[in-house]
Structure formats: C-alpha cells, structure tokens
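As structure tokens, the structure follows; a few thoughts come after it.
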Amino acid sequence: MAERVQKILSQWGIASRRQAEQMILAGRVRLNGEIVSLGSKADPHRDRLEVDGKAIQPANRPELIYILLNKPVGVLSTCYDPQHRPTVLDLLAEDLRQGRGIHPVGRLDSNSTGALLLTNDGDLTLSLTHPRYHLPKTYQVWIDGHPSESVLQKWRDGIMLMGKKTLPARVEVLKHRDRQTLLEVILVEGRNRQIRRIVRQLGFEVLKLHRTAIGSIQLDRPQLHSGRYRFLDDNEIHFLKNRVNLVTATDI
C-alpha cells in the first residue's frame, strides 16, 4: 500500500515524522531515483526508497525501541548538533546511535535535566508531541526567593505567554532553603522553556530544573542516575500507547 514517504520513514525508524519532512525538504530522499517532495507516496515493498544514497530494505526494518534517559546538564535534546556539542544520542551504546532511527520525544533545554523519552517509533513520537496530547510531566524546580501563595495560584490558574494562556498546572511547595524554594510542578503542555518563562514573569528565576516523571514513567523506579538510561518495560510502553489511543479516539 502506498503511503506518504515521511510516514514510511517514521514508521521504519529512520527518523521522526518532522525529521523526515526536513530530510525530504533538504533533498536527501529519493524515490525510484527521483528526489522526493513533501506529499509524495511510495510502497516500500515495490518502490526503491533511498536516504542519503542508501536504500531502505523492508527486511532491515529495525525493531521498535523505547528508552528512558536521565539527561544531564549541557547535553542537547537532538540527534545532531552542527557545533558538535554533546547530544542525547552520545549517551547511548554505540549500536543504538546509528541505523536505528532513535530520536528524542520532545525536548529538555540544555540547562535542564531529567526524564526524556527516546524511541524510533515515529508514529508514537508524532502523537506524543501533538498539542492535543496532554501527558502530564512532573518537575522539581528550585527558584530564588519565596513566592507567596497568591503568586503560585496565578501559575496554577494559567499565565498569559505570547498572547495565549497556559493550561492549569499543579504547583506545590516542597521545601524552603535559605532564600530558595523547591517547587513540584506538573504540566500537561510543553511550550518552549515554559517553566523558566513563567517563573521569570512572576518575578523570580529558575536555579535548577529537573524533570522527574513523564506520566507514570518515573526516574526513580528503578533509580536512574544522571547520564544513564534504561529500556521501558511492557507496562510503560502500553501506558504510552494506550494514552495515545484514548486521545485519538476522543479526537475523531
């Protein structure tokens, strides 16, 4: 059956759907010898698809892989950096870095740490990063100063960012230390640098931001040290796919 080329590349673990679109726009993908354009369709069992001159063989479709990584400070949530800074793929075993199509699901900025999913399941990545998919993510955030309850309530209710109000969030004080406060924040959306921007708008600064969980998938069950990773178990994979199916069913 013929399908859009970017979908084939994501399903076959070559890249995420968005990355596949970028590869097509860059002229890196050919179909039966011709450069592919966005919207082109192919049947991988009949047509010849090539990425960077290398043919995609149906028999070589990689197994689907699902990983939880504890991202350290200074590591980029991307597969490649033109400035040759360390990326999350550099933390994986050598046999996982190339030829598997593994990529991060969403992002943590360079100065943030903690839970990050990686996979070569392009369809799951597309679903998990879609705005309609409100998967809760839990953070521990150290900020300077001691925000009042009324200030925190503003955050819980939603803050205007770039002309759009944020969705309600759970924000709780875990502890105070000297002139600093540790907050637990649970978000169901993921705008660019959202926590840092909200904290600054409220008159404070983020000192440390660490993601501890993605839905029910937690860094401490079992304990995962900085820079280390583990493969998701069957229950965790089922949780992600079940959430996606529920959202998709509701959206139809």
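Among the residues of segment 228-242, count how many are open to solvent by 40 Å² or more (accessible area, probe 1.4 Å) and either at pLDDT below 90 or outside any helix (DSSP H, G or I) (or both). First the steps, then the outcome.
Of all residues in segment 228-242, those open to solvent by 40 Å² or more (accessible area, probe 1.4 Å) come to 228-229, 231, 233-235, 238-239, 241-242.
Then drop every residue that is not either at pLDDT below 90 or outside any helix (DSSP H, G or I) (or both), which leaves 228-229, 231, 233, 241-242.
Of the residues in segment 228-242, 6 are open to solvent by 40 Å² or more (accessible area, probe 1.4 Å) and either at pLDDT below 90 or outside any helix (DSSP H, G or I) (or both).
Quick check: anything in segment 79-102 open to solvent by less than 30 Å² (accessible area, probe 1.4 Å) and at positive phi? Break it down into steps so the answer makes sense when it comes.
Residues of segment 79-102 that are open to solvent by less than 30 Å² (accessible area, probe 1.4 Å), as a first pass: 81, 87-89, 92, 96, 101-102.
If we keep only those that are at positive phi too, we end up with 101.
Taking every residue of segment 79-102 in turn, at least one turns out to be open to solvent by less than 30 Å² (accessible area, probe 1.4 Å) and at positive phi.
Here are the criteria: (1) of a type outside the set (Asp, Glu); (2) surrounded by 15 or more Cβ atoms within 10 Å (Cβ to Cβ); (3) over 30 Å from ASN235 (Cα atoms). Tell me which single one LYS165 does not satisfy.
(2)
Would you check which residues across segment 92-135 are touching a Pro at 6+ places or on another chain (Cβ under 8 Å) and closer than 30 Å to VAL206 by Cβ and list them? Give the steps one after another, and end with the answer.
Filtering segment 92-135 for residues touching a Pro at 6+ places or on another chain (Cβ under 8 Å) gives 99-101, 113, 116-118, 120.
Residues satisfying the conditions are THR113, LEU116, LEU117, LEU118.
Within segment 171-190, does at least one residue satisfy the condition of being open to solvent by less than 50 Å² (accessible area, probe 1.4 Å) and in contact (Cβ under 8 Å) with a residue 60 or more places away in the chain? Can you show your working first?
At the first step, the residues of segment 171-190 found to be open to solvent by less than 50 Å² (accessible area, probe 1.4 Å) are 171, 181-189.
Checking which are in contact (Cβ under 8 Å) with a residue 60 or more places away in the chain leaves us with none.
So far as segment 171-190 goes, no, none of its residues is open to solvent by less than 50 Å² (accessible area, probe 1.4 Å) and in contact (Cβ under 8 Å) with a residue 60 or more places away in the chain.
Applying the selection to segment 199-220, what residues are in contact with an Asp or Glu (Cβ under 6 Å, 6 or more places away or on another chain) and either closer than 24 Å to TYR133 by Cα or free of Cβ contacts under 8 Å to residues at least 60 places away in the same chain (or both)?
If the condition is that a residue be in contact with an Asp or Glu (Cβ under 6 Å, 6 or more places away or on another chain) and either closer than 24 Å to TYR133 by Cα or free of Cβ contacts under 8 Å to residues at least 60 places away in the same chain (or both), then ILE217 is the only one that fits.
Residue-by-condition table, conditions (1) open to solvent by less than 60 Å² (accessible area, probe 1.4 Å); (2) within 25 Å of the chain's Cα centre (by Cα):
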| site | (1), (2) |
| --- | --- |
| GLN6 | yes, yes |
| GLN11 | yes, yes |
| SER16 | yes, yes |
| MET23 | yes, yes |
| ARG28 | no, yes |
| VAL36 | yes, no |
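Take segment 216-242 and flag every residue that is touching a Leu at 6+ places or on another chain (Cβ under 8 Å) and of a type in the set (Lys, Arg).
Selection gives ARG228, ARG230, LYS241.
So how many residues does segment 202-222 have that are among the charged types (D, E, K, R) and surrounded by 19 or more Cβ atoms within 10 Å (Cβ to Cβ)? Quick ask: steps written out before the conclusion?
Here is the first cut: in segment 202-222, the residues among the charged types (D, E, K, R) are 205, 208, 211, 220-221.
Going one step further and asking which of them are surrounded by 19 or more Cβ atoms within 10 Å (Cβ to Cβ), we end up with 211.
Of the residues in segment 202-222, 1 are among the charged types (D, E, K, R) and surrounded by 19 or more Cβ atoms within 10 Å (Cβ to Cβ).
Determine if segment 191-199 includes at least one residue that is at pLDDT 95 or above, more than 30 Å from ASP234 (Cβ to Cβ) and loosely packed, with under 14 Cβ neighbours inside 10 Å.
Looking through segment 191-199, none of the residues is at pLDDT 95 or above, more than 30 Å from ASP234 (Cβ to Cβ) and loosely packed, with under 14 Cβ neighbours inside 10 Å.
Are any of the residues in segment 63-74 surrounded by 12 or more Cβ atoms within 10 Å (Cβ to Cβ), at pLDDT below 90 and either touching a strand residue (DSSP E or B) at 6+ places or on another chain (Cβ under 6 Å) or under 30 Å from ARG221 (Cβ atoms) (or both)?
yes
For segment 107-139, which positions are in contact with a helix residue (DSSP H, G or I) (Cβ under 7 Å, 6 or more places away or on another chain) and part of a strand (DSSP E or B)?
Residues satisfying the conditions are LEU116, LEU118, THR119, TYR139.
Looking at SER127, SER110, can you tell me which residue is in contact (Cβ under 8 Å) with a residue 60 or more places away in the chain, open to solvent by 20 Å² or more (accessible area, probe 1.4 Å), of a type in the set (S, T, N, Q) and out of contact with any His (no Cβ under 8 Å at 6 or more places or on another chain)? Give the derivation first.
On the way: SER110 fails: in contact (Cβ under 8 Å) with a residue 60 or more places away in the chain.
Just a single option satisfies the conditions, and that option is SER127.
Pick out, from segment 3-106, the helices (runs of 4 or more DSSP H) lying fully within it that include 1 or more residues that are basic (Lys, Arg) and touching a residue at least 24 places away in the same chain (Cβ under 8 Å).
Values: elements: 5-11, 17-25, 94-97.
The helices (runs of 4 or more DSSP H) meeting that bar are 5-11, 17-25.
Find the residue count for segment 140-161, including only residues that are open to solvent by 20 Å² or more (accessible area, probe 1.4 Å) and either of a type in the set (S, T, N, Q) or not in a loop (DSSP other than H, G, I, E, B) (or both).
The total comes to 12.
The values are calculated or read from the model by the stated rules, or taken from the named source; none is laboratory data. All values reported here derive from a predicted model rather than from experimental measurement. As a convention, Cβ positions derive from the backbone with ideal geometry for all residues, glycine included, and neighbour counts pool all protein chains shown. For the accessible areas, the whole protein counts, side chains as well, though only heavy atoms, and no ligand, DNA or RNA atoms are used. Shrake-Rupley method; radii C 1.70, N 1.55, O 1.52, S 1.80 Å.
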